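What follows is calculated from the coordinates using simple rules that are stated; it is not laboratory data. Every value quoted in this text rests on a predicted model; they were computed, and no experiment measured them. Reconstructed Cβ throughout: ideal geometry from the backbone, glycine too, with neighbour counts over all protein chains shown.
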Amino acid sequence: MTKDMFDLSDRVIAVTGGLGQLGYQFASTLLARGARVAVLDLSDQEDAIRRRYGADRDKDRLDFIACDITSRASMEEACAKITKRWGVPHGLVNNAALDSPPGSSAAENGPFETYPEASWDKVMDVNVKGVFLACQVFGGAMAEAGRGSIVNVSSIYGMVSPDQGLYQYRRDRGEVFFKPVAYSASKSALFNLTRYLAVYWGSRNVRVNTATFAGVFNNQDNEFLARYTPKVPLGRMADEKDYNGAIVFLLSDASAYMTGSNMVIDGGFTSM
Ligand SMILES: NC(=O)c1ccc[n+]([C@@H]2O[C@H](COP(=O)([O-])OP(=O)(O)OC[C@H]3O[C@@H](n4cnc5c(N)ncnc54)[C@H](O)[C@@H]3O)[C@@H](O)[C@H]2O)c1
C-alpha cells in the first residue's frame with residue numbers, strides 16, 4: 001500500500017497561540033491526524049486551555065506549554081521540554097499574534113497620524129520578534145536534526161492594505177475607527193522572514209512557508225458582514241475550519257518540494 005502523503009503520525013508539532021480561535025483548530029486537526037502536538041500559549045491562559053481542550057484529551061499526544069514567544073529563554077525552555085518528551089520537533093506553526101493589543105487605548109483605532117508608538121512596539125514584538133525567536137530556537141533544532149517544516153501564519157492585510165472604507169459605517173455613526181497599521185506591517189514582515197529562512201535552511205531540509213489567511217467569521221456584526229462579503233469572490237468570511245487543510249499540507253510530505261512560498265487562502269479576496 002502507498003503511504004498517505006498527508007500522514008502526520010508521530011510527527012512532533014508545536015503550535016504557538018494554540019488557545020486562540022485558529023490555533024485550537026490547527027492543534028485539534030493535527031491531533032486527529034496522529035501528530036504529537038505541543039500547544040504553546042501564555043501562562044495566564046493555562047486554565048482556559050485545559051478547559052478548552054479537556055483535561056484528559058489525547059493525554060499521550062497533547063501537551064500544553066506555558067510560554068511567551070517574545071522571550072528567547074521561554075522558547076528555549078519550551079523546545080527543550082518538547083524534545084525531552086518526544087524528540088526534536090518536526091513542525092512549528094507560528095500562529096500566535098496580536099491584532100490590537102489587549103486593553104489598548106482608543107487611540108489604537110484612531111487615525112494613523114496618532115497611532116501609539118507603544119502599540120506599534122507591542123504588536124511588532126509578538127508578531128515579528130516572536131516569530132523570529134521561535135524560528136531561531138525551533139528551526140535551529142530542526143536544522144541540526146536535518147528536517148523540519150515551519151509555517152508562518154500571515155494575513156491578507158500583510159499583502160494588501162485594509163480597506164478603511166469597510167469601517168466608514170462606524171465613523172458615520174460617530175465612532176473613531178480605522179483598522180490599525182501595526183498588524184499589517186507585522187504580517188508583511190513574515191513574507192521575507194520566510195524567504196530568508198527557506199534559503200538559509202534549504203540545504204538542511206528545513207522548509208519554511210507562509211500561510212496567508214483572510215478574515216474568519218467570529219460573530220462580526222451584520223453591517224460589517226454586508227460590506228466585507230462582497231469583497232470576497234466566494235461570498236463569505238472564512239469558517240474557522242477552512243485553513244486546517246493548508247496546515248496539514250504544509251507540515252506533511254505532501255508539500256515536500258515547497259519552501260519559501262506564500263500559500264494564500266482567502267476566498268479570492270486578494271484576486272479582486
Ligand atoms: N482570525 C482571523 O480573522 C485571521 C485572519 C487572517 C490571519 N489570521 C492570523 O491567524 C493567526 C491566529 O489568529 P486568531 O484569530 O486565531 O488569534 P487569537 O487572538 O484567537 O489567538 C492568538 C493566540 O496567541 C496567543 N498569544 C498572544 N501573544 C502571545 C505570546 N507573546 N506568546 C504566546 N502566545 C501568545 C494568545 O494568548 C491567543 O491564544 C494569527 O497569526 C492571525 O494574524 C487570523
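Structure notes:
- Cβ charges +1 (Lys, Arg) and -1 (Asp, Glu), total dipole of region 72-149, debye: 580
- Sites Leu225 and Arg50 - FRET efficiency at Förster radius 35 Å, r taken between beta-carbons, to 0.05: 0.60
- The magnitude of the dipole of the chain, with charges of +1 and -1 set on the Cβ of Lys/Arg and Asp/Glu and taken from the Cα centre, is near 640 debye.
- For the chain, calculated [θ]222 nm from helices alone, where every DSSP H run of n ≥ 4 adds -39500 (n - 2.57): -10500 deg cm²/dmol
- Full-extension gain in nm, Val216 to Arg173, via 0.36 nm per residue minus C-alpha separation: 13.0 nm
- The chain: relative contact order as a whole-number percent, Cα under 8 Å and 6+ apart: 19
- Size of electric dipole in region 183-256: Cβ of Lys, Arg +1 and of Asp, Glu -1, about Cα centre, debye, nearest 20: 340
- Of the residues Thr29, Ala73, Ala48, the one whose Cα sits farthest towards the positive end of the charge dipole of region 1-90 is Thr29 (charges of +1 on Lys and Arg Cβ, -1 on Asp and Glu Cβ, taken about the Cα centre).
- Hydrophobic long helices, here whole DSSP H runs in the chain with Kyte-Doolittle means of at least -0.5 and Cα atoms spread over 30 Å or more along the helix axis, are found at 181-201.
- Spatially close lysines, pair count over the chain: Cα under 26 Å, gap of eight or more or interchain: 16
- A simple spin-label model places pseudo-atoms 7 Å from Cα toward Cβ; at Lys3 and Ile265 they are separated by 2.3 nm.
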